[in-house]
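The values are calculated or read from the model by the stated rules, or taken from the named source; none is laboratory data. The shown structure was predicted, so the numbers you read here are calculated from the model rather than taken from an experiment. Please note: Cβ atoms are built from the backbone with ideal geometry, for glycine as well, and neighbour counts cover all protein chains shown.
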Number of protein chains: 2
Amino acid sequence: MATIYEVAALAGVSPATVSRVFNGNTVSEEKQRLVRDAAQQLGFTPNKTARRLRKQSSEIICLLVPDIENPFFTALARGVEDRAQESGFSVVLCNTDDDPAKELRYLQIAASEHMAGVILSPASDEVDLGAIASLGRPVVAVDRTTPYPVDAVKIDNRAAGIAATTALVEAGFRRIACIAGPAGIEETEDRYLGWKQVVTARKTLVRDGFLQHANFRVDGGRAAMNALLDLVQPPDAVVTTNNLMAIGALQALHEAGIDPEDFGVAVLGELPYLLPPPSSVVQVRLPARHLGRTAATMLLERIGGDTQPLRTVVLRAEIARPPLSL
Amino acid sequence: MATIYEVAALAGVSPATVSRVFNGNTVSEEKQRLVRDAAQQLGFTPNKTARRLRKQSSEIICLLVPDIENPFFTALARGVEDRAQESGFSVVLCNTDDDPAKELRYLQIAASEHMAGVILSPASDEVDLGAIASLGRPVVAVDRTTPYPVDAVKIDNRAAGIAATTALVEAGFRRIACIAGPAGIEETEDRYLGWKQVVTARKTLVRDGFLQHANFRVDGGRAAMNALLDLVQPPDAVVTTNNLMAIGALQALHEAGIDPEDFGVAVLGELPYLLPPPSSVVQVRLPARHLGRTAATMLLERIGGDTQPLRTVVLRAEIARPPLSL
DNA sequence: GTGCTTGACGAAATCGATTTCTTGCACTTT
DNA sequence: AAAGTGCAAGAAATCGATTTCGTCAAGCAC
């Protein structure tokens with residue numbers, strides 16, 4: 001890899017001039033040409049590490065998501081990536097497994113790697129954004145918020161919960177349960193509140209045990225569904241607060257030999273790659289990609305020096321009935 | 001962020017000593033303690049950028065995949081990540097969209113960022129590994145190989161194709177078509193050859209048009225399936241060479257009102273999150289995660305200075321019949 | 001006691017860019 | 001003509017670590 005010094009030597013100028021050529025500063029036409037020719041000839045690419053050390057910043061955005069295998073988050077990542085590319089930034093995607101320790105570790109890396117900013121879906125309320133914050137690096141929370149004063153992009157989770165539940169009520173179901181995520185995660189908490197609001201307002205039957213907490217994964221959804229089916233008076237429909245848990249719930253229904261046409265299922269999120277789902281499945285589409293794109297836009301604005309007051313952007317989910325893209 | 005100089009000043013030693021403490025060199029007990037205390041007190045973390053500039057290398061692995069939204073590749077990424085973590089390495093995940101230009105761009109970034117090594121699924125045969133290679137950074141090709149002399153981990157694609165097709169034959173299907181990926185990609189080429197070998201050996205009926213090429217995505221699979229169904233004498237079964245195309249094919253079947261029980265479908269790959277697939281769907285499990293883990297292991301060995309001759313590890317796919325994990 | 005080895009450790013060079021000073025020259029301005 | 005202004009461009013400092021080199025003292029052999 002050629003260095004700026006070799007280019008300078010070949011072009012017969014000082015290294016400073018070479019740097020100026022590549023950073024848009026005032027250099028005479030004459031020397032510009034000399035430098036560019038020399039650079040071309042040597043196949044010179046500026047060394048990012050050296051530049052970063054000097055400038056104390058880079059063109060890399062760190063994206064922290066809890067589960068890279070969840071299509072919701074990969075779609076979100078695509079949104080971030082597309083937007084970042086447009087501005088010449090690269091994205092580093094890191095998987096936290098919803099583990100605060102891993103999360104902290106990546107945040108420290110982001111800091112010591114001089115990354116330009118961080119977009120994250122916090123694993124818990126206790127995220128320590130101290131290190132990043134003290135460096136003055138911008139942070140945008142996405143999908144979930146944090147107690148720290150940072151910009152955020154989220155979904156109107158309660159409205160989504162309301163929409164999903166209402167759809168089930170209107171489809172004629174009267175004993176609607178809810179499979180929510182782990183207690184304490186705001187995102188799922190709000191969705192569950194949406195459910196609660198509707199079942200209360202519509203005076204549908206709610207029994208003890210109709211609210212199940214599960215981890216966000218397929219197995220959690222399945223276990224929760226089984227628990228619901230084991231109730232003395234089981235529900236006739238269920239709202240699941242994320243996509244993977246819905247899959248688990250549908251699997252459990254299938255195993256129990258229940259015809260999905262007879263059991264209402266509403267999902268907050270999309271069922272990825274699903275073959276025609278039973279027509280009673282209601283999907284509330286979460287704009288994952290758009291969420292990512294918006295977060296990236298906000299982050300880039302901050303990186304660019306924008307100092308307007310903190311913002312929280314709330315995106316609305318749209319309800320979709322099957323057959324969706326079919 | 002505290003620097004090594006501040007720590008040195010506080011501990012009353014030279015910066016060199018501080019560095020030595022954190023790099024396992026000979027330092028007296030006494031000063032070790034002094035330095036560690038000082039570091040602790042200041043919350044010192046070594047600046048990775050400076051270190052990288054000096055050492056001309058980092059602890060970051062670059063992983064290039066063609067489609068981050070394909071569960072096959074996220075599983076692979078998990079494998080890489082898990083292994084990397086064990087050795088204290090971080091993984092940067094980049095999406096090439098099967099676009100050689102994007103790929104090249106990322107490879108250049110990997111080079112100028114002094115990343116420790118690269119694991120990639122090449123978008124095409126024309127990948128230019130020149131830049132990376134000339135830096136002496138190790139590269140491991142995964143899932144697909146390249147003409148460049150690098151280590152590789154792949155799947156026995158032909159065997160997988162054979163297994164899938166054979167299963168259909170044994171299930172009694174006699175007009176078996178194949179939906180392959182884009183022509184020219186070795187990975188899909190081999191799988192298709194497996195199909196060809198079996199249909200030839202078993203003398204099943206093969207018509208013009210029974211081999212369809214498609215992009216690797218859902219829409220491609222659907223279009224190909226529709227083309228097959230439009231044939232005058234359509235097939236009674238199909239082998240699809242990747243997971244997403246299978247989804248598309250199944251969608252097309254559904255739209256055409258064909259009962260999936262009557263139409264044989266075999267997939268090279270797993271159908272993610274699928275509700276109980278029609279019992280005639282044969283899935284050949286591709287060990288994606290393991291593929292990633294193996295590639296990471298090989299790369300880390302090279303990074304560690306291993307100079308054994310080039311290796312190509314071939315992993316065998318295992319055939320699975322539904323209901324799989326259900 | 002002299003000479004030699006060994007080990008701890010400080011001084012200074014180094015990685016490769018960016019950026020601040022400075023210098024020198026051309027060109028106005030009065 | 002002297003002084004002031006502006007601008008291109010080189011010299012050198014800087015970012016924060018690692019590493020080479022050299023010094024000094026302790027330990028050991030003869």
Among what's in the stretch A:55-95 and is within 9 Å of another protein chain (Cβ to nearest Cβ) and within 16 Å of DNA strand C (Cβ to nearest atom), pick the residue that is surrounded by the fewest Cβ atoms within 10 Å (Cβ to Cβ). A:GLN56
Exactly one condition in (1) within 16 Å of DNA strand C (Cβ to nearest atom); (2) in a loop (DSSP other than H, G, I, E, B); (3) in contact with a Pro (Cβ under 8 Å, 6 or more places away or on another chain) is false for B:ALA8; which is it? (2)
All but one of (1) more than 11 Å from DNA strand D (Cβ to nearest atom); (2) out of contact with any Pro (no Cβ under 7 Å at 6 or more places or on another chain); (3) within 27 Å of B:THR49 (Cα to Cα) hold for A:PHE22; which doesn't? (2)
Among the residues of the stretch B:96-126, count how many are away from chain A (no Cβ under 13 Å), in contact with a helix residue (DSSP H, G or I) (Cβ under 6 Å, 6 or more places away or on another chain) and of a type in the set (S, T, N, Q). 1
What number of residues within the stretch A:200-220 are touching a strand residue (DSSP E or B) at 6+ places or on another chain (Cβ under 6 Å) and at pLDDT below 90? 1
From A:ALA116, A:ALA84, A:ALA50, grab the single residue that is of a type in the set (A, V, I, L, M, F, W, C), within 16 Å of DNA strand D (Cβ to nearest atom) and closer than 30 Å to A:ALA2 by Cα. A:ALA50
Within the stretch A:221-242, how many residues are among the acidic types (Asp, Glu) and in contact with a strand residue (DSSP E or B) (Cβ under 7 Å, 6 or more places away or on another chain)? 1
Could you list, in sequence order, all residues of the stretch B:129-145 that are crowded, with 18+ Cβ neighbours inside 10 Å and hydroxyl-bearing (Ser, Thr, Tyr)? B:THR145
Being within 8 Å of DNA strand D (Cβ to nearest atom) and of a type outside the set (Gly, Ala, Ser) is the filter; apply it to the stretch B:1-19 and report the residue that is nearest to the other protein chains (Cβ to nearest Cβ). B:MET1
Filter the stretch A:46-72 down to residues that are β-branched (Val, Ile, Thr), assigned by TED's automatic domain parsing to the domain that holds A:ARG83 and free of Cβ contacts under 8 Å to residues at least 60 places away in the same chain, then give me how many there are. 3
Do we have any residue at all in the stretch A:34-54 that's away from DNA strand C (no atom under 16 Å from the Cβ), within 14 Å of chain B (Cβ to nearest Cβ) and crowded, with 22+ Cβ neighbours inside 10 Å? no
So B:LEU228 passes all but one of these: (1) outside the structural domain of B:ALA295 (by TED's automatic domain parsing); (2) closer than 18 Å to B:GLY269 by Cβ. Which condition number does it fail? (2)
